[in-house]
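This report concerns only the one structure given below.
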Amino acid sequence: MEEFIETLRLEDGKVQLQPLHQARMERTARDLGFVCPPMPPLEELCPEPLRKGRVKCRFVYREAIRELSFTPYTPRVIHTFAPMALPVGYKYSYKSLDRAVLNRLKAECPADEVLLVDSEGRITDCSFANLALRREGRWYTPDSPLLEGIQRQHLILESLLTPRTIRVADLGEYDQILPINAMLPLPL
């Protein structure tokens, strides 16, 4: 039975964007026909020594929460990206524990991180996050992501990020590419 992951950011012991995470869990459960478990009381469960700074909370779920963990967060260092084609028809619409295709593409990538490209030549995401690309001082994100992440959704709702079609040939128009996800908000 397929299981799903949720990863939330705690800043100084406070959960960030929890309503959006809960909504994603509920949407996943509704769409795939199972009962969504309640969100655990993460701020209470976070160990006292981890209530300062940025902490990653991760859990696996389906009908119940399991493998709940809290760890200090250190972002990956990414200097280079390389485009790589996704398998035709590949979907990752829900944050599934099954990341075999994404992990394989990342392992085969000649750069620090992969830019995933769909069969129509559009950039979608990187292996672990959505993308923000800066052009003339404005931030854009691919309009056809594999997974519509929480941070991406939040930044679009706040009008800080604009979805648009971005192809590999367009990359020269952008002066910065950043991964964005629950752990990596856009530095504004």
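Translational diffusion of the range 100-188, estimated by Stokes-Einstein from the Kirkwood radius over alpha carbon pairs at 20 °C in a medium of 1.002 mPa s, is 163 µm² per second. Residues of the range 65-88 falling in the label zone of Phe34, defined by backbone nitrogen less than 18 Å from a point 7 Å along Cα to beta-carbon, are 65-69. For the chain, the longest piece that avoids every one of the GluC sites (Glu not before Pro) found in DSSP loops with at most 10 other C-beta atoms within 10 Å covers 1-119. Our estimate of slack between Val88 and Gln176, defined as 0.36 nm per intervening residue step minus the Cα-Cα distance, is 28.9 nm. Could you list, bin by bin from short to long, the percent of Cα-Cα pairs of the range 1-120 in 5 Å steps? The percentages, shortest bin first, are 2, 10, 17, 17, 17, 17, 14, 6, 1, 0. Computed in the context of the full set of protein chains, the accessible area of the chain at 1.4 Å probe radius has 51% of its extent on carbon or sulfur.
The solvent-accessible area of Cys36, taken with every protein chain present and a 1.4 Å probe, is close to 40 Å².
Multiplying the residue separation of Val77 and Arg99 by 0.36 nm and removing their Cα-Cα distance gives an extension gain of 5.8 nm. Report, in whole Å, the centroid distance computed from the Cα atoms of the range 101-115 and the range 9-80. When both Cα centres are located, 25 Å separates them. Loop exposure criterion: trypsin sites (Lys or Arg not before Pro), DSSP state outside H, G, I, E and B, at most 13 other Cβ atoms within 10 Å. Applied to the chain, the longest stretch between such sites is 92-188. Adding -39500 (n - 2.57) for every DSSP H run of four residues or longer, then dividing by how many residues the chain holds, sets the calculated 222 nm ellipticity at -5500 deg cm²/dmol.
The values are calculated or read from the model by the stated rules, or taken from the named source; none is laboratory data. Since this is a predicted model, take the numbers as computed values, not measurements. Reconstructed Cβ throughout: ideal geometry from the backbone, glycine too, with neighbour counts over all protein chains shown. Keep in mind that these areas ignore ligands, DNA and RNA; they rest on the heavy atoms of the full protein, side chains included. Shrake-Rupley method; radii C 1.70, N 1.55, O 1.52, S 1.80 Å.
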